[in-house]
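Structure, as structure tokens:
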Amino acid sequence: QVHIVQSGGGMVQPGGSLRLSCAASGDIFGIYVMAWLRQAPGNEHELVATIASDESTNYADSVKGRFTISRDSPKNTVYLQMNSLRLDDTAVYYCTVNLLTGRYWGQGTQVTVSS
């Protein structure tokens, strides 16, 4: 079994910062890509950022320069540092972990940016 547990999130004012964490545990024999996605009400899932096993990263244009994805491979953990948050960053954020056995999702965490 694989367990993906997210933490972080909450409510912040525009311009503020939040940090999300996501830890994978269980039957893990090698993690490939780790990613963060988000889903705002009424919208499809949007890919926010990815980080590969070689730590190469990709970002959605909407978050470039504001968000940073990183990983701690020995801890099987991925982070998303979100700075300069905007109202349109409000969404449920999900982490995903690609393993040999498939893609696994975290439980989701709400991020609300509001004045």
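How much accessible area per residue does the chain have, in Å², with a 1.4 Å probe?
So the chain comes to 52 Å² accessible per residue, rounded to a whole number.
What residue among MET11, VAL97, MET34 has its Cα farthest toward the positive end of the dipole of the chain, where the charges are +1 on Lys, Arg and -1 on Asp, Glu, each on the Cβ?
Selected residue: MET11.
Probe radius 1.4 Å, ligands and nucleic acids left out: which of TYR79, TYR104 has the largest accessible area, and how do the rest follow?
TYR104, TYR79
Which value in nm describes the separation of the simple spin-label points at ASP88 and TYR32, placed 7 Å from the Cα toward the beta carbon?
Computed distance between label sites ASP88 and TYR32 equals 3.2 nm.
Quick one: putting +1 on the C-beta of Lys and Arg, -1 on the C-beta of Asp and Glu, what dipole do you get for the chain around its Cα centre, in Debye to the nearest 20?
200
Kirkwood Rh over Cα pairs of the chain into Stokes-Einstein at 25 °C, 0.890 mPa s: D in µm²/s?
Rounded to a whole number, D works out at 174 µm²/s.
Considering only protein heavy atoms and a probe of 1.4 Å, how much of the accessible area of the chain is carbon and sulfur, as a whole percent?
Heavy-atom surface of the chain belonging to carbon and sulfur, 1.4 Å probe: 49 percent.
The values are calculated or read from the model by the stated rules, or taken from the named source; none is laboratory data. What you see is a predicted model, and the numbers here were worked out from it, not measured in a lab. Ideal geometry is used to build each Cβ from the backbone, glycine not excepted, and the neighbour counts take in all protein chains shown. Each accessible area value is taken on the protein alone, full model and side chains, heavy atoms only, with ligands, DNA and RNA left out. Shrake-Rupley method; radii C 1.70, N 1.55, O 1.52, S 1.80 Å.
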